[in-house]
1. Cut-off under 22 Å on the C-alpha distance; same-chain residues fewer than 8 positions from Lys115 excluded. Which lysines are left, in chain and number order?
2. Determine ³J(HN,Hα), in whole Hz, for all residues of region 418-423 in sequence, where each value follows from phi through the Karplus function 6.51 cos²θ - 1.76 cosθ + 1.60 and θ = phi - 60°; x replaces Gly and Pro.
3. Which residues in region 399-424 place their backbone N less than 16 Å from a point set 7 Å from the Cα of Glu44 along the Cα-to-Cβ direction?
4. Amide H of Ile448: which non-local residues (sequence gap of 5 or more, or other chain) have their own amide H closer than 5 Å, using H built in the peptide plane?
5. What does the net charge come to around Gln217 if you take all other residues with beta carbon closer than 12 Å to its beta carbon, with K and R at +1 and D and E at -1?
6. Suppose every Lys and Arg Cβ carries +1 and every Asp and Glu Cβ carries -1, with no other charges. What dipole size does the chain come out with about its Cα centre, to the nearest 20 debye?
7. Leaving out same-chain residues fewer than 8 places away, which lysines sit with a Cα under 24 Å from that of Lys257?
8. May I have the convex hull volume per residue, in Å³, for the Cα set of region 404-469?
Amino acid sequence: MSKPYDLAVRGGTIVTAADRYRADIGIRDGRIVAIADEISDAAEEIDASGLLVLPGGIDAHVHLAQPTSDGTLMADDFESGTRSAAAGGNTTVLPFALQIKGTSLRACVDEYHAKAQDKCYTDVSFHLIISDPTPQVLGQELVALVRDGYTSFKVFMTYDDLVLNDAELLQVFEVARREQALVMVHAEGHDAIKHMTRTLEDEGKTAPYYHAEAHAQIAEREATHRAISHAQLTDVPVMIVHVSGRDPMEQIQWARKRGMKVYAETCPQYIALTKDDLKGLNMDFEGAKYVCSPPPRDEDSQKAIWEGLRDGTFDVFSSDHCPFFFEAKGEIGKNNKKAKTSFKWVPNGIPGVETRLPLLFSEGVSKGRISLERFVALTSTNPARLYGLYPQKGTLAVGSDADITLWDAGRVDTIRQENLNHGADYTPYEGIQITGWPVRTILRGNTIALNGKVVSEAKSGRYQHRQVSDVYEGVVREVE
């Protein structure tokens, strides 16, 4: 006679975005079917005594197998990227299907699915990136894709091959409002960055450190305000991604005080790094390891980010995992010849999907800056709600997927490149001591990672079609 549960997770302390309590979890067919004081009649048991039982992490901002325009190569494909995500306590990641200018958005999405097919250890779902908002894209392709479950997309206010002008942004925002999509905005002022870059280069300031000077917080503040103004004009909710410091934060707070639906994301680099890291050993090329956009700021900016993580300014804490090789043969890494002539050619992005959760747990929960419940909200529940995955993902409740991460809150370890699973050849967080580690990652009732290593031979991750974001009122949620 078969047992009523396939798996029981027993003896741990369950933590959600709202509660924490001691209970057992009963799982059948990949779903949570019971939460009770005691569940004993299961085919398999996991002893979680002394551990925290949290919803699986959802990293809502990662870049995997993404094409580049300069010949460099992204260091993670779907296999290595999701392996790294699983080892770091994540059960779902949301990478970007990037539209190449001059091509069909639908064709780019189909090609991205082909890259992911049968290669994922975690579940995945795709955001879109709109780089070429032609009448065909805005009138047909984007509309059809949103209705097919691609309910969020990203636009850029900088980068030569991605930037949209104000008229294009307004057109895209109008489609988003009509189709109930959530717009993610990379808010940095393109013209200001170009001006600062020319000025610095004319002065002979070309080392990686000057990337942080060119991408000034002023340019981020201005673009954030402009994006909010466009959103106000078109009455559409927006998510300002990878917010780096106080100036753009204050623009978001200003908008919210006026009742606007403006949401915000920040990332590990803004709590663990500063622009001084871009100096390298002595203003040398080692600083290229930390080049990302927006760049890390100063200590006051770190203080501001923690204020925002505590007070609700930030809804989501994502990695913005964008991995490149530092040392690489040929011209595919950060060490390419052009990059060594000027900071403006250094590939923008750093790896972080595996270290996102440990860094926030250690610096936030273990040091008393945020509560466990806030940690769960920022890293799992809020991403699920905002990106149309809730309540199937992002919580521990009867009917939800059995996506669970077990945490040892007292475990002390140190981040080392040699222990990580990503494809990059370095980590910008090398040597940081961590208190609190994810020791087991469970996807739909199956353990996929244990003590920082993937143990599942099967790449059982699935693509998740998403519903409309919770930012739109009157949306009825259903678990598929």
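The values are calculated or read from the model by the stated rules, or taken from the named source; none is laboratory data. Since the structure is predicted, the reported quantities are computational estimates derived from the model, not experimental observations. Neighbour counts are summed over all protein chains in view; Cβ atoms, including those assigned to glycine, are modelled from backbone coordinates with ideal geometry. Accessible surface areas use protein heavy atoms only, side chains included; no ligands, DNA or RNA. Shrake-Rupley method; radii C 1.70, N 1.55, O 1.52, S 1.80 Å.
1. Within the straight-line cut-off, Lys115 pairs with Lys101, Lys154, Lys459.
2. 5, 9, 8, 10, 6, x
3. Under cut-off, by backbone N: 402-406.
4. So Ile448 has HN proximity to Thr441, Ile442, Leu443.
5. Working: positive: Arg221, Arg246, Lys275, Arg297; negative: Glu188, Glu213, Glu220, Glu222, Asp247, Glu250, Asp298, Asp300.
Value of the local net charge: -4.
6. Numbers: 52 positive and 68 negative charges, 58 e Å.
The calculation lands at about 280 debye.
7. Lys303
8. Numbers: hull volume 9.9 nm³, N = 66.
Each residue corresponds to 150 Å³ of Cα convex hull volume.
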